[in-house]
Amino acid sequence: MLYNISYILFKLKIIQPSANAIDFWMDTKDVLKLEYALKHGNYNTRKLAAEALEHAGQCSSVPVLLHAMNDKVQNVSIAALNTLEALGCSDDLVISITKKRFNWVKNLRDKEAKQEANKGKKYNIYRWERASKRSFERVKEQLKKPMR
């Protein structure tokens, strides 16, 4: 009863559901409430709802997860990807989209790991003079000379 009241207050945009409420909806397999939380919650609620849909979800929640996959917050997007993979719907389009997105996530994590590994290194940077810069400098010098 308490979690139903919190859902009503959430729909009225007064409060955000707690992690306990989302766990309760996951245990009772209340997919509609989880999908609503995934659409309209804050970033933490959206992440928890995506993870809860992995356990309680059905293939009917795939459109909501595909929409959540393009979320601005990276953790929500990754949670939606993991849920889509765990649901294992046999739709070829969903499978190809998740594979491409997982490659994107893998590349992003590799890039962050590479930046973290190179954080303490110092490099000798040599400034080579490019031809375009040299010609620009020549034009500047010619403009300084008086015209005849």
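The values are calculated or read from the model by the stated rules, or taken from the named source; none is laboratory data. Because the structure is a prediction, the values reported are computed rather than measured. Virtual Cβ from ideal backbone geometry, glycine too; neighbours counted across all protein chains shown. These area figures cover heavy atoms from the full protein model, side chains too; ligands, DNA and RNA do not enter into them. Shrake-Rupley method; radii C 1.70, N 1.55, O 1.52, S 1.80 Å.
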Output the residues belonging to region 12-29 that are at pLDDT 90 or above and polar (S, T, N, Q). Gln16, Asn20, Thr28
If the Cβ limit is 7 Å and pairs must be 6+ apart or interchain, which residue in region 1-14 that is among the hydrophobic types (A, V, I, L, M, F, W, C) pairs with which residue that is at pLDDT 85 or above? Leu9/Ile15; Phe10/Gln16; Phe10/Pro17
Select from region 26-47 the residues that are among the hydrophobic types (A, V, I, L, M, F, W, C) and more than 17 Å from Leu81 (Cβ to Cβ) and write down the one among them that is surrounded by the fewest Cβ atoms within 10 Å (Cβ to Cβ). Leu32
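For (1) open to solvent by less than 90 Å² (accessible area, probe 1.4 Å); (2) among the polar types (S, T, N, Q); (3) under 15 Å from the mean Cα position of the chain (by Cα), each residue gets a yes or a no:
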{"position": "Leu53", "(1), (2), (3)": "yes, no, no"}
{"position": "Ala68", "(1), (2), (3)": "yes, no, yes"}
{"position": "Val76", "(1), (2), (3)": "yes, no, yes"}
{"position": "Ser90", "(1), (2), (3)": "no, yes, no"}
{"position": "Lys100", "(1), (2), (3)": "no, no, yes"}
I need the full set of residues from region 1-22 which are in contact with a Leu (Cβ under 7 Å, 6 or more places away or on another chain), open to solvent by 60 Å² or more (accessible area, probe 1.4 Å) and not β-branched (Val, Ile, Thr), in order please. none
Restricting to region 56-66, name every residue that is in a loop (DSSP other than H, G, I, E, B) and surrounded by 12 or more Cβ atoms within 10 Å (Cβ to Cβ). Gly57
Can you find even one residue in region 107-128 that is touching a helix residue (DSSP H, G or I) at 6+ places or on another chain (Cβ under 7 Å), surrounded by fewer than 18 Cβ atoms within 10 Å (Cβ to Cβ) and in a helix (DSSP H, G or I)? no
Only one of these conditions is not met by Ala49: (1) out of contact with any Asp or Glu (no Cβ under 8 Å at 6 or more places or on another chain); (2) within 22 Å of Val73 (Cα to Cα). Which number is it? (1)
